[in-house]
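The values are calculated or read from the model by the stated rules, or taken from the named source; none is laboratory data. From a predicted model like this one, the values you see are computed outputs, not experimental measurements. Heads up, the Cβs are rebuilt from the backbone with ideal geometry, glycines too, and the neighbour counts pull from every protein chain shown. With ligands, DNA and RNA removed, areas are computed over all heavy atoms of the protein, side chains included. Shrake-Rupley method; radii C 1.70, N 1.55, O 1.52, S 1.80 Å.
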Amino acid sequence: SFSLAWARQFPEHRVIHLDLDAGMNAAAQRKARAAGLANLDVVTCSVHEAAIASGSAAALSCVHALYTFPHPASALRRMHDWLAPGGRAFLCDIGRTLDLGDWSRFLVGHLLRSIGPLRTAWLYWRSREFLRQNRAIRAAQLDGSYWTHTPEDFHAAVLAAGFEIERVDTCYRGYSDLVIARRPPTFPRRGQGGPAAM
């Protein structure tokens, strides 16, 4: 969804959708074709295998993925390297263990109010795979396979990767942490050309 939104918003730019999951990538390709988006490249590989040149990205988003990576800190450093100086990152990650009952009650209540009971029942039935995935996420969080973190832990990991923080927040009913950050701009040193920093 985020990759498609970037591609629609910036049709003159190349957008890369990067994911290890071939099924997710197939869905992204289908949606891109249906929307007539020719500027979206779908790549199946890990963050560490991606052939993205250092300093080549104007912006990036990573939503609900870092917690699944074996080495989130290393992935953040890699993303920082991809960004051009001054480039921005939208980073959102599930940090706390999911309470599936709370999340389901919230979602069903919201859907009932916005689309009514019949469409809610239809969507809930169609979302069985999402429910299965949420159960698997919770189990991996509980056994330590997935990274759980406080907002402060997430903020510190983003800073340690070299980013400058512009905004910090929580979202998704307090389960997820949101950081908007940027790669610091670089300025030439005195005597190396360009204007002197003031």
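General remarks:
- Only residues that are of a type in the set (V, I, T) and touching a residue at least 60 places away in the same chain (Cβ under 8 Å) were counted in region 138-163, giving 2.
- Count of region 106-119 residues which are closer than 20 Å to R173 by Cα and free of Cβ contacts under 8 Å to residues at least 40 places away in the same chain: 8
- Filter result for R135 (of a type in the set (D, E, K, R), farther than 15 Å from G86 by Cα and in contact (Cβ under 8 Å) with a residue 60 or more places away in the chain): no
- Among (1) within 20 Å of S61 (Cα to Cα); (2) without any contact (Cβ under 8 Å) to a residue 24 or more places away in the chain, the one test that L91 misses: (2)
- Within region 33-49, the set of residues being in contact (Cβ under 8 Å) with a residue 24 or more places away in the chain and not in a strand (DSSP E or B) comprises A35, L37, N39, C45, S46, V47, H48.
- Number of residues in region 74-88 that are free of Cβ contacts under 8 Å to residues at least 60 places away in the same chain and either touching a Ser or Thr at 6+ places or on another chain (Cβ under 6 Å) or among the hydroxyl-bearing types (S, T, Y) (or both) equals 2.
- Here A7 passes the criteria (1) open to solvent by less than 30 Å² (accessible area, probe 1.4 Å); (2) hydrophobic (A, V, I, L, M, F, W, C); (3) under 17 Å from V158 (Cα atoms) except the one numbered (3).
- Checklist (1) at pLDDT 95 or above; (2) in contact with a Ser or Thr (Cβ under 7 Å, 6 or more places away or on another chain); (3) under 29 Å from P184 (Cβ atoms) applied to D19, failing item: (1)
- S56 vs. criteria under 17 Å from the mean Cα position of the chain (by Cα) and within 30 Å of T186 (Cβ to Cβ): no
- Close pairs (6 angstrom Cβ cut-off, 6 or more residues apart or separate chains): at negative phi in region 13-32, assigned to a strand (DSSP E or B) and among the acidic types (D, E) anywhere: I16/D41; N25/D19
- Hits in region 31-49 (condition: surrounded by 13 or more Cβ atoms within 10 Å (Cβ to Cβ) and under 25 Å from D177 (Cα atoms)): S46, V47
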